[in-house]
1. Residue under question is ALA121, and the condition is that it be more than 17 Å from VAL25 (Cβ to Cβ), surrounded by fewer than 15 Cβ atoms within 10 Å (Cβ to Cβ) and at pLDDT 95 or above; does it hold?
2. Based on this model, can you work out whether LEU77 counts as surrounded by 22 or more Cβ atoms within 10 Å (Cβ to Cβ), in a helix (DSSP H, G or I), in contact with a helix residue (DSSP H, G or I) (Cβ under 9 Å, 6 or more places away or on another chain) and in contact (Cβ under 8 Å) with a residue 12 or more places away in the chain?
3. In this structure, does ARG132 turn out to be more than 18 Å from the chain's Cα centre (by Cα) and either over 19 Å from GLU33 (Cα atoms) or of a type in the set (Gly, Ala, Ser) (or both)?
4. Would you point out which residue out of GLN112, GLN108 is in contact (Cβ under 8 Å) with a residue 24 or more places away in the chain, buried (at least 16 other Cβ atoms within 10 Å of the Cβ), polar (S, T, N, Q) and within 27 Å of GLU180 (Cα to Cα)?
5. Only one of these is outside any strand (DSSP E or B), touching a residue at least 40 places away in the same chain (Cβ under 8 Å) and within 12 Å of the chain's Cα centre (by Cα): VAL83, VAL63. Name it.
6. Suppose we filter segment 41-56 for residues that are among the hydroxyl-bearing types (Ser, Thr, Tyr), in a loop (DSSP other than H, G, I, E, B) and in contact (Cβ under 8 Å) with a residue 24 or more places away in the chain; how many remain?
7. Can you tell me which residue in segment 136-162 is surrounded by the most Cβ atoms within 10 Å (Cβ to Cβ), limited to those that are in contact (Cβ under 8 Å) with a residue 24 or more places away in the chain, over 16 Å from the mean Cα position of the chain (by Cα) and farther than 12 Å from GLU28 by Cβ?
8. Give the residue that is farthest from GLU111 (Cα to Cα), with candidates limited to residues of segment 6-40 that are part of a loop (DSSP other than H, G, I, E, B) and not acidic (Asp, Glu).
Amino acid sequence: MSENNDASTEIATLAGGCFWCLEAVYDEVTGVESVESGYMGGAKPNPDYYAVCSGNTGHAEAVRIAFDPEQISYRELLEIFFVIHDPTTLNRQGNDVGTQYRSAIYYQSPEQQAEAEKILAELEEMKAFPNRIVTEVTEAPPFYVAEPEHQEYYARNPGAGYCQFVVAPKLSKFRKHFAEKRKASA
C-alpha cells in the first residue's frame, strides 16, 4: 500500500503476535480497505523476515490497516485486537516467543493515542484479563512492508499447519464475537 491520499481513509498499525493472524482477521472486517504485513519498532532500517525473526532487530511483526472511519471506528478495531490476541503475555503469543511477537499499538495521531490509552484503562479497570495488560502504546515509527510471500499468507495457505492451528482459531474468535462486523464477502 502506498501512502494513502484519500482523506476518508485512516491508518491503524498494530502488533499482536504473528502478522499472518492479524492480517487474516482484519481482512474480514467491514470498513477495512486493506491490510499489509510488515515490521515496526526496531533500529535497523528495511529489515527482512529472517533478521526480524532472529529477535535482534527490535522490530515487531505488525499490520498496517487502511480503514474507512465512516464504516468502522478506530476503537472498534482496537476492541477486535483485544479479543483476538493475548495482551498479557510479554513478547509472546502462544508458542511464538520473542520481542517480534509483542503486543503493541502504534498510534498515528494524538486522537489514536488517547483512544488506545482509554481502552487499556477500561480493560484494566474491569479486570477483563486475569493478568496485567502489557500492550505498549507508542507513536508509530516507520513501517517496513514485509516480503511478498508474507502478504495474504492465510488466504493463500489456509491448509498449512500454522494456519490451521494458530490463525484459524483467531479467525473463529473474531467471527464469534464480531459477526456483525464481518464483510459480506468474507
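1. On the way: more than 17 Å from VAL25 (Cβ to Cβ): yes; surrounded by fewer than 15 Cβ atoms within 10 Å (Cβ to Cβ): yes; at pLDDT 95 or above: yes.
Answer is yes for this residue.
2. Yes, satisfied.
3. Considered against the rule, which asks whether it is more than 18 Å from the chain's Cα centre (by Cα) and either over 19 Å from GLU33 (Cα atoms) or of a type in the set (Gly, Ala, Ser) (or both), ARG132 comes out as yes.
4. Only one candidate qualifies: GLN112.
5. Answer to the selection: VAL83.
6. 0
7. Per the stated criteria, the residue is TYR162.
8. Let us first name the residues in segment 6-40 that are part of a loop (DSSP other than H, G, I, E, B), namely 6-9, 17-18, 27-28, 30-31.
Imposing the further condition that a residue be not acidic (Asp, Glu) reduces the set to 7-9, 17-18, 30-31.
On the way: ALA7: 16, SER8: 16, THR9: 15, GLY17: 24, CYS18: 26, THR30: 22, GLY31: 19 Å.
Here the answer is CYS18.
The values are calculated or read from the model by the stated rules, or taken from the named source; none is laboratory data. This structure is a prediction, so every number in the text was calculated from the model and none was measured. Note that we place each Cβ from the backbone using ideal geometry, even for glycine, and neighbour counts take in every protein chain shown.
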